[in-house]
1. Among residues belonging to region B:114-135 that are open to solvent by less than 50 Å² (accessible area, probe 1.4 Å) and of a type in the set (A, V, I, L, M), point out the one that is farthest from B:Val67 (Cα to Cα).
2. Of the conditions (1) within 38 Å of the chain's Cα centre (by Cα); (2) in a helix (DSSP H, G or I), B:Ala378 clears all except one; give me its number.
3. Give, as residue ranges, the strands (runs of 3 or more DSSP E) completely inside region B:162-267 that count at least 1 residues that are surrounded by 24 or more Cβ atoms within 10 Å (Cβ to Cβ).
4. Being more than 7 Å from chain B (Cβ to nearest Cβ), touching a residue at least 40 places away in the same chain (Cβ under 8 Å) and either within 29 Å of the chain's Cα centre (by Cα) or open to solvent by 30 Å² or more (accessible area, probe 1.4 Å) (or both) is the filter here, so list the residues in region A:221-235 that pass it.
5. How many residues are over 34 Å from the mean Cα position of the chain (by Cα) and within 17 Å of B:Ile417 (Cβ to Cβ) when one looks only at region A:250-284?
6. What are the residue pairs meeting all of these: first residue in region A:46-64, first residue acidic (Asp, Glu), second residue modelled with pLDDT of 85 or more, Cβ atoms under 9 Å, and 6 or more apart or on different chains?
Amino acid sequence: MDLLNRIDEVRAQLQNDIQQVGADPQAAENLRIKYLGKKGLISVLFADFNSIPAEQKPQIGRVLNILKKDAEARIQALSEKLKATSSQDEFFDYSLPGLTPAVGHLHPITQTLNRVIAIFREIGFVVEFGPEVETDYNNFQALNFADDHPARDMQDTFFIDEKRLLRTHTSPIQIRTMLKKKPPIRILAPGRVYRNEAINPRSHCVFHQVEGLYVDENVTFSELKTTLEVFAWRFFGADVKTRFRPGFFPFTEPSAEMDISCFICAGKGCRLCKYTGWLEILGCGMVDPNVFKNVGIDPEKYTGYAFGMGIDRTALLKYGIGDIRLYFDGDVRFLEQF
Amino acid sequence: MIVNTNWLKKYTDYSYSAEELAERLTAIGLESNLIPDKAAGLEEVLIAEILAVNPHPNADRLTVCIVTTGEKQFAVVCGAPNVKKGLKVPLALVGSTLPNGMILKPIKIRGVASEGMLCAEDELGISEDHSGIMILDENAIVGGRLADYLASNDRSLEIDLTPNRPDCTSHIGVAREIALMTGNELYKPDINLSESESATSAYISVGIEDQIGCPRYAARLVQGVKIGPSPDWLVKALASIGQRSINNVVDAANYVLMETGHPLHTFDYANLKGQKIVVRRAKAGEKVVTLDGIERELSDDILLICDGERPVAIAGIMGLANSEIEKDTRDVLIESAYFNPRIIRRGSRYLGLQTEASYRFERGADYEGAIYALERGAELIAEVAGGRVCRGVVDEYPKPIESPKIVLRYERTNRLIGMKFEPEWVKKVLVGLGCDILNSNAQEVAVRVPSWRPDLEREIDLIEEVVRIYGMSRVPSTKTLQMIPNISTDDRYDRIEKLRSFMATCGYSELYCNSLVSARATEFGFEPVKPVKLRNPLSQDMTFLRTSLIPGMIAAIKHNFNRRRFDLRLFELGHVQAYAPEEETQARESLRLGALLTGYFDEPNWAYPRRKTNSFILKGLADTLAHEFGVCNLNYSKAENLFFKRLVKISAGKKVLGYFGELAPDYLGKDWDIEEPVFGMELDADFLLKQVNLAKIYKEPPVFPSTERDLSIVVKCEILVGDIMKKIRQNGGDLLREIRFYDLYLGKNVDKNEKSLTFNLLFQADDRTLTDAEVDQIMATIHSNLSRELNARLR
């Protein structure tokens, strides 16, 4: 038979085969072998092509090449179509769980501290640090704690030797800063502190504080109130109420405690606020003139305020954590919640 | 300090409810909490009278009591020993609710039905007492509610006193504060003593050897008392503030203490030898037996009250057993003194003994009030125990103490508080506090402060009083905040913050571990250090300051393992302390970053295989941190340590940045009972933070395309990949921009002593597109160098 006719025949047969193909994903591969395999129908045509007279070759060669390209393309298309219709691949289960990145969690004390610091930095406080092993002078004497005064009982202390101890509050950073810098001074001092007290659900011998100090001419108690009110609203919400009442700290006078209305019961009384409607948040006051004298600042010219709060306790309140010891266990079921 | 609302009314009038009083006292600095109402929850308990006590037919120890509520009679089975005809007792009928929420059910006890229950104090939630049925007063109204009987408006407040307010350790002191708020008068009870002919001074003389320790010592004798129980009003008054009655004389002294705040001590005069009192310092090592029966060794800081021969009391702290009031005491010597607060405090601390007396003396008693308290004590003892009060007091007060004179400037006050106070109002407050106004003008007022306020020494103390009484909540807040132009930076905090967030972003959760650790934990470390020891630790396992973060972090791993969490990525940023090897006196604090890994790094998931953690995840972390925080030229070298199976030291130049490795199974097993592999790293965070350069400079990315080539070689096992990479870099020239090591193959087709490695090399020029020939030439140089120097074969 004339080669050209055979070419037409193969083309028609391919057309027919492709139309009859079902859903068998193997079908495309079968057709490829049948037409394009080593002994496939088109390969046979090429073999026969070699023996035709030379003057026919350009014309028939072109037709044959078109057939081959066409066959390849159509079988490829068929193959893709079949693949796409196979139900395993076709089905898109959008409900598969996402592949979550391995994220870590910052400790609730870190997060609370960062929030507190962010608020005070907005109103111009600068963060200062100090060492955990302090001198008795910086921790007590310079802060106007007399040697044998009962005020020292408020802060049971871990001693290292006669002169050194683990700081019981971050207030020695006040002293360090005032010895180093001249007013105006406006600092925030965060850090770990220690008290020799038995560990129980409400208190730990290791905890964290942040302390603020502002010294300048004309710093007033009235402004201290505003500063802390702004903090309370920003931190606990604009609807909390604040209350200031007298307190006692050797390094401030007048000294005050700031309470906020309980944000659980809105001041009605609940277990968290021990049915008082108020939560004790921080201690504050005007810098005692004796402290100024100890660091060489003239108390007649300058006034100042200081405040301090326990971060651990604030975080307990903020997150509704019932046991302070959870902070130190490192239980990831706890940490992952923050 | 507990005060009773009715007791307070003896000294000033006020109409606040107990709740309101607590709130108002809190607002002026006496933080007060109401003690729960005894009557609460007792609304359904009735008062009944026992008409008859019949034996129980089936039980010897039980009785069947017939009781009446006036209208009706009930039969109640009772097991208490103290039931008697005619007694008035609390009755809970079947169906009524007790304070603990229990509802009384109908019950038969040993075959006899009981219509209710006669209650003991513990069942009513009044006390712990279960020794018998609570017996009520004869005048209790039968058929009335027990709640009404108990209530009678009598509430008590617990005041959490700040250490600067000894004046409020008494009812009169608290009443003075109330009077300041109400503007009502304060009345101190008048004293009406009928003195006998014999003078106190005929029986006792006082000699003060230590006038610094004891500026004043006064005493008075009451003769012929009869020791016995206290009258009902006295027992009740003491009970209302949680004090137990002892006997009439001791109770009277206690009452005066709670009324005036001034501690009295009572001696059995018969046991005082030589008719004299001597106040002296103890000798170090001197031993005495206090009236609690304990023998105590004294220091020379302690002040002793002695008679003619021996110590009879530790001054201001506790009496001695040898002279206490006994059942047969007839003559009572009452002491009312003023002791130096510091000496009492030192003694109390030395002895580990705090008493009602020492609590007040160490805060500062009222040196002028000593005589009033003494007179009041004598009057009361004579009233409740009989006896004759001897004429006059012996009052040794060689150098009367003068209370300070203070000038208060109005302008200073206004400037500090930030509001204007009216001078007239300020003066009224000062007078209410007990100050004497010495003189005053438009600018200032000079006062003599009262002897009961040792905390008022300076102008600032009076300013505090002014704002305290005015009400701190009433002080207006400023409308604006002052800002100070600030150019100092606090970027250490920023850096710390960045480091923490970076670790969390890398997948590590943050730990806070205890910095107080055991001796064993301080052995852990990379370099030998001397740990800092506490002189007074809370417990054996919290004696030292940590020298490494890792032991505490392993404890957290153990805690999580116990809760079946085995895949952990943890970090901590915290301080460690140690003495520097060369200087033993100065503890050196450093900030460390610790990281621990165990189990799988990723969560179980459906798409990818999970990665087991290993040391190289930590190495990668160290590299990334170093890059992020600007530490250059990291160097790794092998290190040895007992606590690690494999340990690598990380240096940057001459400085050691830290260590990482796999913890030794031996250590994990023995110390922690952990079998799973744990990988740990500890870095010097101070160093890391010092380097950080938060300011970054942008560099234009290359314009011309890069060319990549793979390099697969086979080398001897012991050749370090790091060394090979170094060689490649050296030979790659400027155009070699990156080397990525991505395949390590051991096994089939590779000799046992060899390993097959594949690197991906990236070449790039800034000024042109590289040709294949150029890159081929560099590759050839690399090949020949590797094969010559490391015997590497191409694959």
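The values are calculated or read from the model by the stated rules, or taken from the named source; none is laboratory data. These numbers were taken from a predicted model, which means no experiment stands behind them. Reconstructed Cβ throughout: ideal geometry from the backbone, glycine too, with neighbour counts over all protein chains shown. Areas reflect the complete protein model, heavy atoms only, side chains present, ligands, DNA and RNA absent. Shrake-Rupley method; radii C 1.70, N 1.55, O 1.52, S 1.80 Å.
1. Applying the filter and picking the extreme gives B:Ile126.
2. The single condition B:Ala378 does not satisfy is (1).
3. Counting at least 1 such residues, we get B:216-223.
4. A:Leu228, A:Val230, A:Phe231, A:Ala232, A:Arg234, A:Phe235 - these are the residues of region A:221-235 that are more than 7 Å from chain B (Cβ to nearest Cβ), touching a residue at least 40 places away in the same chain (Cβ under 8 Å) and either within 29 Å of the chain's Cα centre (by Cα) or open to solvent by 30 Å² or more (accessible area, probe 1.4 Å) (or both).
5. Going through region A:250-284 one residue at a time, the tally reaches 5.
6. From region A:46-64, the pairs are A:Asp48/A:Arg6.
Here's the yes/no breakdown for (1) buried (at least 20 other Cβ atoms within 10 Å of the Cβ); (2) over 19 Å from B:Pro665 (Cα atoms); (3) not hydroxyl-bearing (Ser, Thr, Tyr):
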{"position": "B:Asn562", "(1), (2), (3)": "no, no, yes"}
{"position": "B:Phe566", "(1), (2), (3)": "no, no, yes"}
{"position": "B:Ala580", "(1), (2), (3)": "no, yes, yes"}
{"position": "B:Arg588", "(1), (2), (3)": "no, yes, yes"}
{"position": "B:Glu603", "(1), (2), (3)": "no, yes, yes"}
{"position": "B:Tyr608", "(1), (2), (3)": "no, yes, no"}
{"position": "B:Thr613", "(1), (2), (3)": "yes, no, no"}
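Here is a yes/no grid of residues against (1) in contact with a Cys (Cβ under 6 Å, 6 or more places away or on another chain); (2) within 13 Å of chain B (Cβ to nearest Cβ); (3) farther than 19 Å from A:Gly237 by Cβ:
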position: A:Trp278; (1), (2), (3): no, yes, no
position: A:Gly296; (1), (2), (3): no, no, yes
position: A:Ala315; (1), (2), (3): no, yes, no
position: A:Tyr319; (1), (2), (3): no, no, no
